[in-house]
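Everything below concerns the one structure shown next.
The values are calculated or read from the model by the stated rules, or taken from the named source; none is laboratory data. Note that this is a predicted model, so its numbers are computed, not measured. Here the Cβ is made from the backbone with ideal geometry for all residues, glycine too, and neighbour counts use every protein chain on show. Keep in mind that these areas ignore ligands, DNA and RNA; they rest on the heavy atoms of the full protein, side chains included. Shrake-Rupley method; radii C 1.70, N 1.55, O 1.52, S 1.80 Å.
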Amino acid sequence: MKTEKNEARAGLLYGIGAYGMWGLVPLFWPLLKPAGAIEILAHRMVWSLAFVGIALLALRRWGWIPELVRDPRRLGLITVAAAVITVNWGLYIWSVNTGHVVEASLGYFINPLVTIALGVLVLKERLRPAQWAAVGVGFSAVLVLAVGYGQPPWISLTLAFSFAVYGLVKKKVNIGGLESLAAETAVQFLPALGYLVWLGTQGDLAFGSHGAGHTALLAATGIVTAAPLVCFGAAAIRVPLSTLGLLQYLAPTFQFLLGVVYFHEEMPPERWAGFSLVWLALTILTWDALRTARKSRAAVEAAAAASRTEPAPAPSVASAP
């Protein structure tokens, strides 16, 4: 029992660490200026592969590679995942470094709602009434923000949809987080390296041109990408999914607070109204998830109790000595 509690406590700390790092990452990307968003993205791809390659070598987890190479369907899905996450990473870096941290945080707030919508449209899942209500409130929030901005909040929507599609594809690939990152960055590696080489030939490469500290920070993009994923993987095997579902809101909450308090981005009334509707939708969604999990757990416990109290069947005549 004590070991289980220690494991659960460790899992909670790993989860907080993962989502905390994802939430605080807007503090990191501005440190990489004057490198542009695309160069930072390319470094992230190249150095992530180097980092996860070392990690997999240390853990001796190579057995999945031959199996993946022999499966064209999964290779195709990995390529799609790599393309989608490239859009997500690149847009997020650009958003942070151009003063759109709050709008980027909104993308990850509405991501659970977009994921549910994709489940209905793509996987033909059936929603509970509370989930429909949450999606409806979320859609209203997007309309309010669109009116306030004078255009749809395209940064938020692109981040939310790209990450939701990425999650859907990864679900179909069904390999571990570290292995998946290694496969995806292997797809990204050559184009990213080629872009960096081209920048170098044009004399526009920031890497190595602004001191050793800046060069080290660009190389650290691999650690910044992989470290939270490692913590997330450690949390996922130790705590219930319902707990992870609650922890996921830490990242956009930190991002939102950084955007408002640290980066001093504007929050006009219409933006507050839109965010309030999103938070209401997430509250409904979380309440419904917790209620459903509690009912499911109660049903399992009742079934287990019934099986323990059910009398054993009497021996048949044929089985008597």
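Of all chymotrypsin sites (Phe, Trp or Tyr not before Pro) in the stretch 7-80, which ones are in loop regions per DSSP and have a Cβ with at most 15 other Cβ atoms within 10 Å? Answer by residue number: W62. Annotation: aspartates and glutamates with alpha-carbon distance below 12 angstrom to K171 (same-chain offsets under eight excluded): none found.
Taking Kirkwood radius over Cα pairs in Å as calculated from this structure, the corresponding entry among (i) 20.8; (ii) 22.0; (iii) 20.2 is (ii). Exposed loop sites here mean trypsin sites (Lys or Arg not before Pro) with a DSSP loop assignment and at most 16 other beta-carbon atoms within 10 Å; the chain contains its longest site-free run at 127-321.
When the Cα positions of F161, L193, L217 are compared along the charge dipole of the stretch 108-219, F161 comes out farthest toward the positive end, with charges on each C-beta of Lys, Arg, Asp and Glu. Quick check: the distance between the Cα centres of the stretch 287-305 and the stretch 116-156, to the nearest angstrom? Result: 27 Å between the Cα centres. Each Lys and Arg adds +1 at its Cβ and each Asp and Glu adds -1 at its Cβ; summed about the Cα centre, the chain shows a dipole of about 960 debye. Here the chain is scanned for GluC sites (Glu not before Pro) in DSSP loops (not H, G, I, E, B) that have at most 14 other Cβ atoms within 10 Å, and the longest stretch holding none of them is 126-265. Dipole orientation for the chain: of the candidates A251, L91, L145, A251 has the Cα lying most toward the positive pole (charges on Cβ; Lys, Arg +1; Asp, Glu -1).
Listed values for the stretch 175-183 are Karplus-derived 3J(HN,Hα) couplings in whole Hz (6.51 cos²θ - 1.76 cosθ + 1.60, θ = phi - 60°), namely 10, x, x, 5, 5, 5, 4, 4, 5, and x replaces Gly and Pro. Just the protein heavy atoms count here, and of the accessible area of the chain at 1.4 Å, carbon and sulfur take up 69 percent. Applied to the stretch 25-42, the Karplus parametrisation 6.51 cos²θ - 1.76 cosθ + 1.60 on θ = phi - 60° returns per-residue 3J(HN,Hα) values of 4, x, 6, 7, 4, x, 5, 8, 5, x, 4, x, 4, 6, 5, 4, 4, 4 Hz, with x for Gly and Pro.
Ranking M45, M21 by solvent-accessible area of protein heavy atoms (1.4 Å probe, all protein chains present), from largest to smallest, gives M21, M45. Take the Cα radius of gyration of the stretch 231-280 and divide it by 2.2 N^0.38 Å, N being the number of residues; the result is 1.49. When the alpha-carbon atoms of the stretch 50-182 are used, the pair Rg, Dmax equals 17.6, 53 angstrom. With θ taken as phi - 60° and the Karplus curve 6.51 cos²θ - 1.76 cosθ + 1.60 applied, the whole-hertz 3J(HN,Hα) list for the stretch 144-159 is 4, 5, 5, 5, x, 6, x, 6, x, x, 5, 5, 4, 5, 5, 4 Hz, x standing for glycine and proline. Only Lys, Arg, Asp and Glu carry charge here, each on its Cβ (+1 for the first two, -1 for the last two); on that basis the stretch 102-213 has a dipole of about 540 debye about its Cα centre.
Dipole magnitude for the stretch 20-113: computed about the Cα centre from +1 point charges on Lys and Arg Cβ and -1 point charges on Asp and Glu Cβ, it is near 300 debye. For the chain, the residue among A35, A8, W47 whose Cα projects farthest onto the positive side of the dipole built from Cβ charges is A8.
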